[in-house]
Amino acid sequence: QVQVVESGGGLMQAGGSLTLSCAASGSISRIQAMYWFRQAPGNQRDLVAGIRSDDDSNYADSVKGRFTISRDNAKGTMYLQMNNLKTEDTAVYYCNVQGIYGSANAGFNSWGQGTQVTVSS
């Protein structure tokens, strides 16, 4: 079983910065990809950024140049550095982790509970 926990959300004024963290734990053999999604009230859950095992990353157009995704493979942790925050960044941010776990090398696709980010004007 794999557990995913996000942290680092909070209230910030527009133009400010926040860093989110995502920690994956359990009998993980290998993490293949990690993603940040976000969901604002009344909206669907959208991809914000992703990073794969080769450190290849991608971003939504709305956050390019402002957000940076990174990972610490040894710790099974991913980060999202968010700079120049805008009110439209307000959402619940979710971490998604995909990989292989357990003695049977089964695949997993796990979500965290989310962390709220609120940006005020």
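Tabulated data for the structure shown
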item	result
Residues of region 29-56 that turn out to be open to solvent by 50 Å² or more (accessible area, probe 1.4 Å) and in a strand (DSSP E or B), as a count	7
Subset of region 79-102 that is among the polar types (S, T, N, Q) and within 15 Å of Ile31 (Cα to Cα) - its residue that is least open to solvent (accessible area, probe 1.4 Å)	Asn96
Every residue from region 7-28 that is part of a strand (DSSP E or B), open to solvent by less than 30 Å² (accessible area, probe 1.4 Å) and either of a type in the set (A, V, I, L, M) or touching a Leu at 6+ places or on another chain (Cβ under 6 Å) (or both)	Leu18, Leu20, Ala24
Residue in region 44-58 that is under 14 Å from Val117 (Cα atoms) and hydrophobic (A, V, I, L, M, F, W, C) present	yes
Selection from region 70-85 of residues that are closer than 24 Å to Ala14 by Cβ and touching a strand residue (DSSP E or B) at 6+ places or on another chain (Cβ under 6 Å)	Ser70, Tyr79, Leu80, Gln81, Met82, Leu85
Residues within region 57-87 that are assigned to a loop (DSSP other than H, G, I, E, B) and closer than 30 Å to Asn105 by Cβ, tallied	4
Only listed residue being modelled with pLDDT of 95 or more and either in contact with a strand residue (DSSP E or B) (Cβ under 9 Å, 6 or more places away or on another chain) or over 26 Å from Gly10 (Cβ atoms) (or both), chosen from Ser27, Ser57	Ser57
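The values are calculated or read from the model by the stated rules, or taken from the named source; none is laboratory data. This structure is a prediction, so every number in the text was calculated from the model and none was measured. Positions of Cβ are backbone-derived with ideal geometry, glycine not excepted, and every protein chain shown enters the neighbour counts. For accessibility, only protein heavy atoms count, side chains too; no ligands or nucleic acids. Shrake-Rupley method; radii C 1.70, N 1.55, O 1.52, S 1.80 Å.
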